[in-house]
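Encoded as C-alpha cells, the structure appears first; notes follow it.
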Amino acid sequence: MHQPPIAARRPHRVVFHGEQLEDDYHWLRDRSDAAVARYLEGENAYAEGVLAPLAALEADLYREMLGRIQQTDLTVPYRRGEYWYYQRTEEGKQYPIYCRKRGSLDGTAEEILVDLNLEAVGHSFCGLGALTVSPDGSRLAYSIDHTGFREYTLRVIRLADRVALTAPIEQSGSAAWAADNETLFYTLQNAAKRDDRLLRLRLGSEPELVFEEPDERFRVWVTETRSRRYLVAYCASHLTTDAWVLRSDRPADRWETLIPRIHDREYDLDDSGDGFLVRINDRGRNFRVVRIERPGAPETEWTEIVPHRDDRIIEGVECFERFRVTWLRIGGLPRATITLAGGAAETEIGFPEAVYDARPGVNPEWTTETYRYQYESFVTPTSVYQREVATGETRLLKQKTVLGGYDPARYRSERLEFRAADGTAVPVSLVRLADAPASTPVYLTGYGAYGISYPIGFSSNRFSLIDRGVTFAVAHVRGGGELGRSWHDAGRMDRKETTFADFVAVADGLIAAGRTSADRLVIEGGSAGGLLIGAVLNARPDLAAAAILQVPFVDVLNTMADPTLPLTVGEYEEWGNPTIAEQYRWMRAYCPYTNLRRGDLPALLVRGSLNDSQVMYWEPAKYVARLRTIWDTDRPLLLITNLGAGHGGASGRYDRLKEIAVDYAFVLWRLGLASGTPA
C-alpha cells in the first residue's frame, strides 16, 4: 500500500494581536492550484487503499441498510386549495418526485411538479431549494442547486404547459407568491452566500428591488402566513430579528415593519385572524407570546397570550382559524398544546415514550378541524398523526416502513445524566439492544451550537451498528438548545469551552458507570459538531478508540478572521470576532487546527466536501495535512473528500448510503467488530 500523501509546506504567517501563527497549509485554499486537486485525490486514494480490506463489510452494510428501506414509497398527501400534494420515490431512482392531484386522490391523474431525477441528469449533485405554487395552483416557482455550494437557480413556469414565465434567476433564495398569482417576491444572495435583497417580480415586467440589508450579520427571507392574507419578510441575525408584513392582495403596497429592530431581540409571527400572534424574547430568553393588532403598534397595546417561563422554551406557535398550537421544550423534550379560539380550552398532545422527538407536520390550510404532527424516537419510526381538534381523537396516518422484520421490542432507549465539572447535569440519550450486556461498545455523538437541539430521531441505518452490539448515544451538551436559551448561552462565545467539557464529562461518565471503556468508544460530530470533536481530541486524545469528523469546523481562527467567506460575519455572534483581542484569546484557546500537537491520538476518519459553502473543504484538508506532520502512531489517519457535493455529502439517497457504509465499516473495524482487519 502506498504511503499517505504529504502536502507541501508553504510558509504563511498570520499575526493576531502581536502573536504570529504559522499556517503552512494556507495554500490549500486555492482551488485553481493543480496541487490542491492532486493532494485531495491522493488522500482519497490512500483512504480507499487503507479501507480496501473492508470492502466486503461495506457491501454488507450497504445491503443491510438498503434492505430496510421501502424504496418505492409515498409521503402522506396534504390538501392545499383544490390539490393534494405529496412526494414519492421509485426503486432505483436517487431522488424524490414532487407531485399533486386535483380534487381527489382516487382516480385522478397525477401531475408531476418537479422530478429531481430528471433535474439531476448530467450532474453529480442535485438539491431542491424553493418550491412554491401560486395560490390558484397555475404557476410554480422552484430552485435547483447542481453543485452543493448553495448556488440555486430559480425557475418560474406555467404548470399547464411548463412554459418558462421568466428567465432563470441565479443565486436565488426564498420565494413567495402574492394573491394575484402574478407577483412573486424572492430573495437573492451576495458573494458571501448571504440572502441580502428582497425583490418584487410581476410576471412580464422587470424585477424591482424592495429592500437590501446592508448589515452583514443579517440574512433576509420571505414567506407567507397560513391564512394567505399576509406575506412576511424576515431579516435576522443569530440574536436579532425584525419583520415586515404586506397584505398579499396588495402586492404593490409598501411593506410595513411589525416591530422595530432592537439588538438581542428575536421574534416570529403568524396571522391570528384578529391581529398577529408573535413569539418574542423581550421579557426573557425563552420567549413569550403576544398578540399585536397592527404593524408598528406600541408595546402598551400588546396583549400577552403565553407568558415567559424559565423552565421551558417556546419553540413555535401556529395559528389556524379556530385554534392555535404552541410548541414547547421542557426538560429537553418537545411538548405541544392546542388552544381553541378565545383561549376557552387547552389540551396537550401526549407523547408515549420517555425519549423521543416530535414536531409540526404539514398543515397548510387555515380553515381546518384537524392538526397533523410527526413523532419518532430512537426505536419508533417516523410517524404522521392527525388529531381531531374538537374531540382529541388521534389516528396514525402513516408510519415509515422498516423492512426486514424490524421489531422495536428488541431495543431499549433511555436518558441518563452525568455531572460536568461545574456540577451541571448533562443529559445523554442512548439506544441499544434490550438484552445487551451492561457494558457495550458506544458510538457517541454531539453538536452543541446555535441553540440547536439534537433530535432524538429514528434512523434504520443505525441498526447496522446496534444489532452488532453497539450502543448509539447523543450527548446533549451546552451550546445546544435542549434546555432553553440559557443552555445555548452557556456554550457560546467566551463560554464555548463548556461544550467540549460537557462532552468529555459524558464520555468519562459512561466509562465510570461501566457502560463502556475508552478502547470501545467511538466519538463523532459534524460541522460545529466536528469542531466539538476536534477540540475534545486536543484536550483528551486518550478519550476514545476512534473518531469521525464530518465536514468539521476546525480552522476557527483563520475562518472567523476572513469576512469574505460565507457565514463568517453573521457568526461573530456565536463564536466571536478574532480581530477583537479578548475574543481572539478565547478562540485561540480551543481552535482545533491552531492547537494541534503531538499526542497518542485515536484512529481518525475526516470527511470534507469540495463544494461545501458552510465549512470550506480546506478546513478538514488543512487539519489532516498538519496532523500528518505530527502523527506518531500506526493508527489510521484518513481524509475523504467528496469532490462533487456540499455540506451534507452526497445528495442521492443511494450514494449517501454508500458513504454511511464506509463510516460504519470504519467504526466496526476500530471497535474490533469487523470480520477483516486492514493491514
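Here are some notes:
- Within segment 30-60, being in a helix (DSSP H, G or I) and among the basic types (K, R) holds for one residue alone: R38.
- Among residues that are surrounded by fewer than 21 Cβ atoms within 10 Å (Cβ to Cβ), farther than 22 Å from R670 by Cα and of a type outside the set (A, V, I, L, M), R462 is not included.
- Output for segment 1-29, where each listed residue is more than 19 Å from C591 (Cα to Cα) and among the β-branched types (V, I, T): I6
- Criterion (farther than 19 Å from N281 by Cα, among the charged types (D, E, K, R), in contact (Cβ under 8 Å) with a residue 24 or more places away in the chain and buried (at least 19 other Cβ atoms within 10 Å of the Cβ)) met by exactly one of D270, D180, D195, D249: D195
- Qualifying residues in segment 625-669 (those that are in a loop (DSSP other than H, G, I, E, B) and among the hydroxyl-bearing types (S, T, Y)) - the one farthest from A546 (Cα to Cα): S651
- Those residues of segment 330-371 which are farther than 25 Å from R79 by Cβ and basic (K, R), in sequence order: R335
- Taken over segment 152-176, the criterion of being charged (D, E, K, R) and either part of a strand (DSSP E or B) or surrounded by 19 or more Cβ atoms within 10 Å (Cβ to Cβ) (or both) is satisfied by R155, R158, E170.
- Residues in segment 570-580 include at least one that is more than 20 Å from E22 (Cβ to Cβ), of a type in the set (G, A, S) and assigned to a helix (DSSP H, G or I).
- Residue among N577, N538 that alone is polar (S, T, N, Q), over 25 Å from S486 (Cβ atoms), surrounded by fewer than 24 Cβ atoms within 10 Å (Cβ to Cβ) and touching a residue at least 12 places away in the same chain (Cβ under 8 Å): N538
- Single residue of segment 317-340 satisfying the filter (in contact with a Phe, Trp or Tyr (Cβ under 9 Å, 6 or more places away or on another chain) and surrounded by fewer than 17 Cβ atoms within 10 Å (Cβ to Cβ)) that is farthest from L483 (Cα to Cα): E321
- Any chance F458 is of a type outside the set (K, R), assigned to a loop (DSSP other than H, G, I, E, B), touching a Lys or Arg at 6+ places or on another chain (Cβ under 8 Å) and at negative phi: yes
- The set of residues from segment 445-462 being touching a helix residue (DSSP H, G or I) at 6+ places or on another chain (Cβ under 8 Å) and more than 18 Å from G332 (Cα to Cα) comprises S460, N461.
- Criterion: surrounded by 14 or more Cβ atoms within 10 Å (Cβ to Cβ) and either at pLDDT 95 or above or polar (S, T, N, Q) (or both) - qualifying residue of V121, V133: V133
- Flag not set for S205, criterion: part of a loop (DSSP other than H, G, I, E, B) and in contact (Cβ under 8 Å) with a residue 60 or more places away in the chain.
- In the set (1) more than 21 Å from Y593 (Cα to Cα); (2) assigned by TED's automatic domain parsing to the domain that holds A665, the condition left unmet by E19 is number (1).
- 2 or more residues of a type in the set (S, T, N, Q): qualifying strands (runs of 3 or more DSSP E) within segment 61-151: 83-89
- Test: G479 is surrounded by 15 or more Cβ atoms within 10 Å (Cβ to Cβ), free of Cβ contacts under 8 Å to residues at least 60 places away in the same chain and farther than 30 Å from R322 by Cβ: yes
- Test: residue in segment 400-411 that is at pLDDT 95 or above, farther than 22 Å from R515 by Cβ and in a strand (DSSP E or B): yes
- In the condition set (1) crowded, with 20+ Cβ neighbours inside 10 Å; (2) out of contact with any helix residue (DSSP H, G or I) (no Cβ under 7 Å at 6 or more places or on another chain), E299 is compliant with all but (1).
- In the set (1) at positive phi; (2) touching a Cys at 6+ places or on another chain (Cβ under 9 Å), the condition left unmet by A535 is number (1).
- Among the residues of this structure, G529 does not count as one that is closer than 29 Å to P408 by Cβ and either part of a loop (DSSP other than H, G, I, E, B) or of a type in the set (K, R) (or both).
- Single residue of L231, L258 found to be under 15 Å from E293 (Cβ atoms), out of contact with any helix residue (DSSP H, G or I) (no Cβ under 9 Å at 6 or more places or on another chain), buried (at least 19 other Cβ atoms within 10 Å of the Cβ) and at pLDDT 95 or above: L258
The values are calculated or read from the model by the stated rules, or taken from the named source; none is laboratory data. These figures come from a predicted structure and were not determined experimentally. Methodologically, a virtual Cβ is constructed for each residue, glycine included, from the backbone with ideal geometry; neighbour enumeration extends over all protein chains shown.
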